[in-house]
Ligand SMILES: Cc1cc2nc3c(=O)[nH]c(=O)nc-3n(C[C@H](O)[C@H](O)[C@H](O)COP(=O)(O)OP(=O)(O)OC[C@H]3O[C@@H](n4cnc5c(N)ncnc54)[C@H](O)[C@@H]3O)c2cc1C
Ligand code: SF4
């Protein structure tokens, strides 16, 4: 599984960080950093949730 | 196992419900019925990127077309549900009765209007794509002024966008400070200054007496006697849930579709999004939440509830959260603050307009509000979800800074 964020869309709402802090981090500069773009398969439900709840639909979960 | 699910309201909550059912493996028929002719689209950009002209309508889609096709829906757009009878398990669509197995109500809300303005051109509310197109066209037409009635989030976003067009803006708010009822007067006044510094003529503590004009709007008369000349008015004074079609349905309608803790409104009927009112066990009170994230979450919850027995069902107990973009600022609020809650600045400064404040009452953390502080808002949202005390929140704030 690969996590791809479209940074042109991302508005640093940080809801993804709340769902999966091991993968997404919005730092003090207000930018989103993907800490791990290939999370383990057991994180899929959280990744799907982050993709669905991102208000900008900026997160893609690719196989 | 159910054979079919009928979802009424083809917008955020309804579409996310359908997606959840498929993701969870439901392979029966899903009918998604909506009265708007458009494929499901996202509303927040209507007062932001779409209104400013940065985006066109093709960017508003809630899901890409191939993903909607992949859901294999019985998608019926431009069709209005006109009645429901929960006893006989029938719904009426455009006057024709049909049975349902499981029903999810997601008909959302519409804008409250000012009585007597129906026949006057140039007076708008903003809820759907057609409203957005009309207001955008009016803003592009170089109006001499726009009067925004209500300094809530939508009004504030419309004001900010109008400023971007170079149109003079008067914003009228009945409360002493914008959002005072949610944020208290101190934080409300920071929000007020944000508008004033961008040139908005902000009139707080006054109401609208009359919107004057014979064919099209000419002026707005305020409760303090002032008359503001204008040719464009946008009214943002809240929404009312779309429940008229549910009269005599057997459901309890009281400022929304009344549900139990699990989002069940009647056997085999659930509700979600702006139309649903339910007792959130986290707060021990009935709520109806008009935020984007709630529609997503509750849509998913209400969809799953239709597939569960009452033993399996779980309560829906979110901490409400939303964001709003105004000028170059992103504001976010999580939780439920009251104006008389204790308020503490935990990050940044009001002056920089980059800050986070927390709210507390009775020894508990109740809410967090941030301006350009998404990281901090989310951290405190986590604390809210874990039921943190006021002291725990203060300790956390100290460690962070
Ligand atoms: C301009 C604007 C900006 C916003 N910005 C933000 C923001 O920045 N942050 C945030 O958190 N939230 C924001 N929101 C709120 C958010 O968009 C709503 O909470 C969300 O749309 C609710 O989704 P819903 O599916 O419950 O209802 P709705 O989106 O209202 O959808 C209900 C659908 O049901 C249809 N319908 C109604 N009655 C019937 C019927 N009888 N038969 C068939 N169909 C019917 C309606 O036409 C509509 O398509 C904004 C809203 C607006 C209008
Ligand atoms: S939720 Fe979406 S918009 Fe927000 S920070 Fe994450 S990717 Fe960006």
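Spin-label pair residue B:197-residue B:244: with each label point 7 Å from Cα along the Cα-Cβ axis, the two points sit 4.4 nm from one another. When chain B is treated as a Gaussian network with alpha carbon springs shorter than 10 Å, the biggest mean-square fluctuation among B:334, B:356, B:57 belongs to B:57.
Paramagnetic label reach from residue A:45 (point 7 Å along Cα→Cβ; backbone nitrogen cut-off under 19 Å): within the range A:3-36, residues A:16-24. Relative contact order of the range B:67-119: 19 percent, from C-alpha pairs under 8 Å at least 6 residues apart in sequence. Residue exposure proxy: B:350, B:369, ordered by other Cβ atoms within 10 angstrom of their Cβ from fewest to most, comes out as B:350, B:369.
Bridge orientation summary for chain B: considering DSSP beta bridges with both residues in this region, about 60 percent are antiparallel.
State whether chain A is rounded, prolate or oblate according to the following rule on the C-alpha gyration tensor (a ≥ b ≥ c being the square roots of its eigenvalues): a/c under 1.5 gives rounded; otherwise a/b larger than b/c gives prolate, and the remaining case gives oblate. Prolate, because a/c is 1.5 or more and a/b exceeds b/c.
Rounded, prolate or oblate: which fits the range B:99-237, taking a ≥ b ≥ c as square roots of the Cα gyration tensor eigenvalues, rounded meaning a/c under 1.5, else prolate when a/b beats b/c? Note, shape of the range B:99-237 comes out oblate.
Taking springs between alpha-carbon atoms closer than 10 angstrom, which of B:320, B:279, B:65 fluctuates most in the Gaussian network model of chain B? Result: B:65 has the largest fluctuation of those listed.
Fewest neighbouring Cβ atoms within 10 Å first, the residues A:15, B:7 line up as A:15, B:7. Expressed as an acute angle from 0 to 90° and rounded to the nearest 10, what is the orientation of the C-alpha long axis of helix A:44-53 relative to the principal long axis of chain A? Compared with the principal axis, the helix lies near 40 degrees.
Our summary gives the range B:328-400 a relative contact order of 31 percent, counting only alpha carbon pairs under 8 angstrom and 6 or more residues apart.
Length available on full extension from residue B:4 to residue B:218: 0.36 nm per residue minus the Cα-Cα distance, which gives 71.8 nm.
How high is the relative contact order of chain B? Use alpha-carbon pairs under 8 Å, at least six apart in sequence, and give a whole percent.
About 15 percent, as a whole number.
Rounded, prolate or oblate: which fits the range B:328-400 when a ≥ b ≥ c are the square roots of the eigenvalues of the alpha-carbon gyration tensor, with rounded for a/c under 1.5 and prolate only if a/b beats b/c? The shape class here is prolate. Note on residue B:54 and residue A:34: with the Förster distance fixed at 22 Å, the Cβ-Cβ geometry gives a FRET efficiency of about 0.30.
The helix-based estimate of mean residue ellipticity at 222 nm for chain A, built from -39,500 (n - 2.57) per DSSP H run of four or more residues and divided by its residue count, is -6000 deg cm²/dmol to the nearest 500. Neighbour counting of Cβ atoms within 10 Å sorts the residues B:26, B:380, fewest neighbours leading, into B:26, B:380.
Run through the DSSP bridge list for the range B:25-93 and note the antiparallel percent, rounded to the nearest 5. So the antiparallel bridges amount to about 55 percent of the total. When the Cα centres of the range B:24-51 and the range A:1-44 are compared, how far apart do they sit, in Å? About 25 Å separates the Cα centre of the range B:24-51 from the one of the range A:1-44.
Every helix of 4 or more DSSP H residues in chain B counts as -39500 (n - 2.57), and over all residues that averages to -8000 deg cm²/dmol at 222 nm. Centroid-to-centroid, using Cα positions, the range B:151-174 and the range B:361-383 are 26 Å apart.
None of the figures in this text is laboratory data; all of them are computed from the coordinates on show. The shown structure was predicted, so the numbers you read here are calculated from the model rather than taken from an experiment. Counting neighbours? That spans all protein chains shown, and the Cβs are built from the backbone with ideal geometry, glycine included.
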